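Have a look at the structure below before the remarks.
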Amino acid sequence: MFNFGKLKEKIYEIEKSNLIENGDKILLAFSGGPDSVFLYRVLSFFQEKYSLELALMYVNHNLRHDVEKDLEFVKRFSEENGVQLYTESVNVNDYSSKNRKSTELAARELRYSALTEKADDVGYDKIATGHNLDDNVETFIFRLLRGTSIKGLKGIPEKRENIIRPILSFEKKEILDCLKANNEEYIKDYTNEQNDYTRNYIRNDIFPMFLRINPNFRRKIDELISEIKNKENGENKKADFVKYLEENDIEINRRKINRIYSNIFDEEGNIDKKGTREFDLGQNRFLRKEYGNIEIVKKTEMSENQDNYIKILKINQSIEWYNYEVYLCDKSEINNQFFLRKNGIQYTFLEFSDTDHKEIIIRKRKEGDAILLSNLGHKKIKKILIDEKIPKQKRDEIPVIECKKTVGNSEINQILAVGDIKISEYLKKIKEEEINTIEKGKMILIIGRKNGR
């Protein structure tokens, strides 16, 4: 079994990038070199956990006379590891001459074209390439010397459309040391030692000079690349935010926009997913941020008596409460209720665990409300709604269903349900088809919820 040793933590970091997903079919650009061999070992590490289907593809550029040795190696590798191999031959020199492109660019275009066509033909979702951190730094230096914009200094993207680069954060030395520790064979491309191409010159001549100045220069440049990416992402998202305000006819000054933005988003443009916040925008509107989402809503005034608003639920009648419809039916009436077949409504059917229920009411939550849950005891409704990530301003839209019950010699109010979110021990969920098995005369509580809450 392949041992990643001290690289194990970095391997697990790949999961956080969301480059691989359950059931992915991934075609690997496989040259047989150290990067592509390491790439295969990395994806194989996640293969069982994510049910990945992997295949290799070798593209012969026809630039070397000894390419047959490479083909022999990749075929042997595929057989020993039981992985499908596809091969494709392209004429880089011919393509380069006809299109007046450098050999490097021609090879790149033909390679990606062949990979894309094969992935489409055999039904693969993604293409994985073995670009590493050194490649990213080389690209940065190459573009810097040739001249580019800030956007061009972002380096190689970790993901572009269906192309992923899972080992982009690994230095070449880390890869080589890991392969050596595992006695892993790979192809050594001698053309990488020749300075025929600009990238080889950067790698072989310029990098050693940087190394003498700062042995950790690769990491330093990589950090700069990340900073550029994050800055651009943040600026793009801020521009999107400004556009969102403009599309909703919000007229506020730049200073206020900056203040609101800095309170909602981080430097990378990621929205804060904790809690709820509101910002006055004027014109009787405000911006609401709730659990990772933002929306512009109109202010509404609550009537004085709404805090004490209560509805009494009568037998064989329904009550609407915001997005909910609540029914109390006897068994004989259920099949006659046409409203139970409305589209876009999710129904929860509940049987009373005893017959000791008198007046049933629907109301909004109150401070200190708690519900008695089976095997869990009492739980505060406020805590339940927070755990369910119900925005603060939406919590009064969740109906609290309550009834009077006899306890000893007195009558007390007991909460039966909090919408369809939590059900007390006084009720039992049943399936619709089980209703016919209920004793005649028993009541059924039905909670219908429209799409959303």
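The values are calculated or read from the model by the stated rules, or taken from the named source; none is laboratory data. Worth saying up front: this structure is predicted, and the values here are computed from it rather than measured. Note that we place each Cβ from the backbone using ideal geometry, even for glycine, and neighbour counts take in every protein chain shown. These area figures cover heavy atoms from the full protein model, side chains too; ligands, DNA and RNA do not enter into them. Shrake-Rupley method; radii C 1.70, N 1.55, O 1.52, S 1.80 Å.
Data for the structure
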| quantity | calculated |
| --- | --- |
| Percentage relative contact order, the range 1-133, counting C-alpha pairs under 8 Å, at least six apart | 31 percent |
| Separation in nanometres of the label points that stand 7 Å from Cα toward Cβ, at K6 and N216 | 1.4 nm |
| Solvent-accessible area per residue, Å², over the range 249-298 with all protein chains present [probe radius 1.4 Å] | 64 Å² |
| Inter-probe distance in nm under a simple model that places probes 7 Å from Cα toward Cβ, at K450 and N18 | 3.0 nm |
| Total formal charge among the other residues, if their Cβ is under 9 angstrom from that of P391, Lys/Arg +1 and Asp/Glu -1 | +4 |
| Amide H partners (placed H, <5 Å) of G32, local residues excluded | V37 |
| Cα shape, the range 369-453, gyration tensor, a/c 1.5 rule | oblate |
| Distance between modelled label sites at K404 and N293, nm, 7 Å Cα→Cβ extension | 4.0 nm |
| Largest-first ordering by accessible area, 1.4 Å probe, given options R146, R41, R259 | R146, R259, R41 |
| Hz values of 3J(HN,Hα) by residue in the range 171-176 - Karplus curve (6.51, -1.76, 1.60), Gly and Pro given as x | 6, 4, 4, 4, 5, 5 |
| Within the chain: Cβ-based charge dipole about Cα centre, in debye rounded to nearest 20 (Lys, Arg +1; Asp, Glu -1) | 1500 debye |
| Sequence-distant residues sharing a close amide H with S353 (under 5 Å, placed H) | L427, K428 |
| Selected from L385, N284, L43, residue furthest toward positive end of dipole (the chain; charges at beta carbon) | N284 |
| Whole-percent carbon and sulfur share, accessible surface of the chain, 1.4 Å | 44 percent |
| Shape call, the range 310-450: gyration tensor on alpha carbons, a/c limit 1.5 | oblate |
| Folded to 0 to 90 degrees: helix 254-264 orientation relative to the chain principal axis, Cα | 80 degrees |
| Extension reserve of the N263-K382 stretch, reckoned as 0.36 nm per residue once the Cα distance is removed | 40.3 nm |
| Under 5 Å, built H, 5+ apart or other chain: amide partners of L313 | I360, I361, I362 |
| Karplus 3J(HN,Hα) series, Hz, for the range 214-225 with 6.51 cos²θ - 1.76 cosθ + 1.60 (x for Gly, Pro) | 8, x, 9, 4, 4, 5, 5, 5, 4, 5, 5, 4 |
| Relative contact order (%) - criterion: Cα under 8 Å, at least six apart; region: the chain | 11 percent |
| Heavy-atom accessible area per residue - the range 363-453, 1.4 Å, Å² | 55 Å² |
| Dipole of the chain, positive direction: furthest Cα of F241, A55, P215, with charges on the beta-carbon | F241 |
| Cα lying deepest toward the dipole's positive end in the chain, options S96, I206, L85, charges on Cβ | I206 |
| The range 7-228 - percent relative contact order, Cα under 8 Å, separation 6 or more | 23 percent |
| Per residue accessible area in Å² of the range 7-228, where ligands, DNA and RNA are left out and the probe is 1.4 Å | 54 Å² |
| Rounded if a/c under 1.5, otherwise prolate or oblate - the range 7-228, Cα gyration tensor axes | rounded |
| Flagged links, alpha-carbon separation over 21 Å, of K154/K180; K6/K154; K6/K75; K379/K428; K25/K118; K243/K289 | K154/K180; K6/K154; K6/K75 |
| The range 12-24 - phi-based ³J(HN,Hα) in whole Hz, Karplus 6.51/-1.76/1.60, Gly and Pro as x | 5, 4, 4, 4, 6, 7, 6, 6, 10, 10, 4, x, 4 |
| Nearest 10 degrees, 0 to 90: helix 133-146 Cα axis against the chain principal axis | 70 degrees |
| Listed candidates (1) 45; (2) 14; (3) 26 - label of the one calculated as percent of Cα pairs over 42 Å apart | (1) |
